[in-house]
1. Can you tell me the dipole magnitude for the chain around its Cα centre, using point charges on the Cβ only (Lys, Arg +1; Asp, Glu -1), in Debye to the nearest 20?
2. Per 0.36 nm of contour for each residue apart, how much would the distance between residue 166 and residue 10 grow if the chain were fully extended, relative to their Cα-Cα spacing?
3. On full extension of the chain, what length is gained from residue 178 through residue 123, given 0.36 nm per residue of separation minus the C-alpha to C-alpha distance?
4. Is the stretch 212-255 best put as rounded, prolate or oblate by its Cα gyration tensor, with a ≥ b ≥ c the root eigenvalues, rounded for a/c under 1.5, and otherwise prolate when a/b is larger than b/c, oblate when not?
5. Express the carbon and sulfur contribution to the solvent-accessible surface of the chain as a percent, rounded to the nearest whole number, probe 1.4 angstrom.
6. Hey, can you find the accessible area per residue of the chain for me, probe 1.4 Å, expressed in square angstrom?
7. Would you mind computing, in nm to one decimal, how far apart the modelled labels at residue 55 and residue 96 are, each placed 7 Å from Cα along Cα→Cβ?
8. What order, most packed first, do the peptides 20-27, 247-254 have when packing is the mean number of other Cβ atoms within 10 Å of each residue?
Amino acid sequence: MDDQETNPAAPTALVTGSTRGIGKAIADRLRQRGVHVLTHGSGDGPAGRAQLSADLDDPAAPAQLWSDALAAVRAAGGKRIDILVNNAGLFDAAPIDLSDIAWLDAWDRTLRINLSSAAQLSRLAVRHWQEGGAGGRLVNIASRAAYRGDSPDHWHYAAAKSGLVAMGKTIARHYAGDGILAYTVCPGFVDTAMVGDGANARPDIGAAADLARDIPLGRVAEPEEIARIAAFCALDAPESMTGAVIDANGASFVR
Ligand code: NAD
């Protein structure tokens, strides 16, 4: 994080999974808007790419990440984290012909990384914002799958993303009086490693060009488009919009 003395009034954001893809685009966008950004990665990528490292598959990691993030803020002369963007996620397949234990393991891992860790971080953020008395903004990156469902190998992914949507709405409903606002973004396909040929890629789908056939807009979204929506939620969205879920899927799923 940059030195907060350069602009002590600027808000601070923690963006999970910001080493690449949508998370990196969100971090870049927020920085362009003057936000102090704390980046996070799973720790298995090239060293030094993220300021904070935590494998969110470990149930102890979210609390450690939050505490490391606060320590980094204070070391830079700041006092609080104003914005939490829960973006980290993975898209692992769990075909139904796996053994019972392997299928359950896949569910546990996806739920831990895509939902429980976001819940743990959100809980810590809500308590931090309640104690600080100045509110805060939560932005969850869910998915079109929350509403539309996903492939036969990804029941768990869709369920985790639905959970994220429900969690965001619950936080919005119960903490608005404390100035705590929660917004959820539901992208369709976005041109990242998750969709392309990266280690975290979807095995059930092809190149971005093939996906475009099912998208009236004629193309998958760019990470920067999702970042613009996330930055709007983090900085500009009217308070009365709290609890909103924003779709970004090129009209491939209109509800
Ligand atoms: P990506 O694979 O490019 O990036 C995922 C990020 O999550 C990385 O920074 C990675 O380090 C982090 N991450 C993964 N496992 C982790 C772990 N165990 N611990 C800590 N961090 C971990 O994917 P992306 O496309 O940029 O996806 C970002 C978010 O957007 C995810 O929540 C994803 O579900 C969601 N999303 C993506 C798409 C898409 O088509 N790409 C569509 C809808 C929603």
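The values are calculated or read from the model by the stated rules, or taken from the named source; none is laboratory data. Because the structure is predicted, anything quoted here is derived from the model rather than measured. Note that each Cβ is placed from the backbone with ideal geometry, even for glycine, and that neighbours are counted across all protein chains shown. These area figures cover heavy atoms from the full protein model, side chains too; ligands, DNA and RNA do not enter into them. Shrake-Rupley method; radii C 1.70, N 1.55, O 1.52, S 1.80 Å.
1. In debye, rounded to 20, the chain gives about 760.
2. Numbers: separation 156, 0.36 × 156 = 56.16 nm, distance 2.99 nm.
Here the answer is 53.2 nm.
3. Working: separation 55, 0.36 × 55 = 19.80 nm, distance 1.38 nm.
Stretched fully, the residue 178-residue 123 segment lengthens by 18.4 nm.
4. Oblate.
5. C and S atoms contribute 51 percent here.
6. Numbers: 11670 Å² over 255 residues.
Per residue, the chain has 46 Å² of solvent-accessible surface.
7. 3.2 nm
8. Highest-to-lowest ranking by the protection proxy: 20-27, 247-254.
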